[in-house]
Amino acid sequence: MVIIAFLRLIRLPILLLVAAIQAATRWFIIKPMIEINGYDFIMTDFQFWLLVLSSVFIGAGGYAINDYFDVKIDRINKPKTIIVGRLIKRRVAMATHIVATGLGILTSAYLCYSLGMWELTSLFVLAAFLLWIYSTNLQNTILVGNIVISLIAGFAPLIVGLFEIPLQNAAHPDVINELGYSPFNGPAYWIMGYSAVLFILTLAREITKDVIDVRGDKYYEALTIPVVLGVTKTKGIIMLVYMLFGALISYFYFTVANVHIGMSSIFLVLCVIIVTQLGLIFKSRTKKHFLYSANLNVIATMLIVLSMYLLQISIHQHFS
């Protein structure tokens, strides 16, 4: 029971999803694009998994400290599923945050030093700092907390590119000088698009979760969007975010995805999910309805990650 509670505390499924996102970025975006140009990875697989481990450790520490500070509100919003103070002692949650965050920063520092990119350690320190500030202050500040968490989610694939692409540029200066541009800019743009999609999906889910938790947030005077603007206006904002998501994936599909049956199927399913979300949010009246929407958002995120396998086909078609 305690082990299960601990895994729930650190959100193991989400951490595994982060690892999958970063793996998909490496092998389904970067790899096919550098192979087209006749190159191979600079980062070894061992170094890449150190990067993933750093991200997972810092994420685990962030979830632990978030639950630590959310005990009072969670007693109102989810009294039956609360972890800290019921299944896990508060000091254990705090210790988990300190140990996991420390391991994440130390692992990232070793990785950055071994690659000669020690300055990138600051990005991991910044992520850990933002997760702490989010838990203590920002999550109760209108929109700012939502944006911070969404930026961190979008940062998961971006950090993979921030390591590999500069290493490729440094290893092939002659090619860059000859062409007059870096052939490794291509994967950078695709990774940024991937990050943008994850940012928007996370933003929609975080605002939806604020609606789910509005009772406890209102009791403790937290300045979340539904507390400040009301649930009706918040529903409109969530719908706008999903429409933005629809516009972004449509642009990608019709301009650079190079239509094939696999990508077309994914696009069709995502369109169905977006339409379903819009209808669900519009008609939502109870906490259960918004929970359905949040769960559907997770399915869409997982589908985006799985579609990265098919994306490599589009990449080969687009650049061949």
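The values are calculated or read from the model by the stated rules, or taken from the named source; none is laboratory data. The structure displayed is predicted, hence computed values, not measured ones. All Cβ positions, glycine included, derive from the backbone under ideal geometry; neighbour counts span all protein chains shown.
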- Residue among Ser108, Ser114 that is surrounded by fewer than 19 Cβ atoms within 10 Å (Cβ to Cβ), modelled with pLDDT of 95 or more and either assigned to a helix (DSSP H, G or I) or out of contact with any Ser or Thr (no Cβ under 8 Å at 6 or more places or on another chain) (or both): Ser114
- Message: Against the definition (part of a helix (DSSP H, G or I), within 30 Å of Gln47 (Cβ to Cβ) and among the charged types (D, E, K, R)), how does Glu206 come out, yes or no?
- Response: no
- Item | Unmet criterion (only one of (1) of a type outside the set (Phe, Trp, Tyr); (2) in contact with a Leu (Cβ under 9 Å, 6 or more places away or on another chain); (3) touching a residue at least 24 places away in the same chain (Cβ under 8 Å); (4) in a helix (DSSP H, G or I)) for Val148 | (3)
- Message: Against the condition closer than 21 Å to His316 by Cβ and outside any loop (DSSP other than H, G, I, E, B), how does Ile273 come out, does it pass?
- Response: no
- Item | Tabulated pairs, the stretch 42-69, first without any contact (Cβ under 8 Å) to a residue 40 or more places away in the chain, second acidic (Asp, Glu), C-beta under 7 angstrom, 6+ apart or interchain | none
- Pick from the stretch 136-192, criterion out of contact with any Pro (no Cβ under 9 Å at 6 or more places or on another chain), of a type in the set (Gly, Ala, Ser) and over 30 Å from Asp213 (Cβ atoms), ranking: surrounded by the fewest Cβ atoms within 10 Å (Cβ to Cβ): Gly180
- State which residue is surrounded by the fewest Cβ atoms within 10 Å (Cβ to Cβ) when the search covers only the stretch 266-306 and only residues that are farther than 13 Å from Gly246 by Cβ and of a type in the set (Ser, Thr, Tyr). Thr286
- For the stretch 291-313, which residues satisfy the criterion of being among the aromatic types (Phe, Trp, Tyr) and touching a residue at least 60 places away in the same chain (Cβ under 8 Å)? Tyr309
- Just one of (1) among the hydrophobic types (A, V, I, L, M, F, W, C); (2) surrounded by 16 or more Cβ atoms within 10 Å (Cβ to Cβ); (3) at pLDDT below 90 trips up Ile3, so point out which. (2)
- Query: Regarding Ile82, is this residue of a type in the set (A, V, I, L, M, F, W, C), more than 22 Å from the chain's Cα centre (by Cα) and outside any helix (DSSP H, G or I)?
  - Reply: yes
- Task: Sort out which residues of the stretch 117-140 are closer than 19 Å to Asp67 by Cβ and part of a loop (DSSP other than H, G, I, E, B), and write them in order of number.
- Result: Asn137
- Message: Restricting to the stretch 276-295, and then to whatever is assigned to a helix (DSSP H, G or I) and small (Gly, Ala, Ser), can you tell me which residue is farthest from the chain's Cα centre (by Cα)?
- Response: Gly279
- Query: Do we find that Ala156 is within 15 Å of the chain's Cα centre (by Cα) and at pLDDT 95 or above in this structure?
  - Reply: yes
- Among (1) modelled with pLDDT of 95 or more; (2) over 21 Å from the mean Cα position of the chain (by Cα); (3) charged (D, E, K, R), which single condition is Asp174 missing? (1)
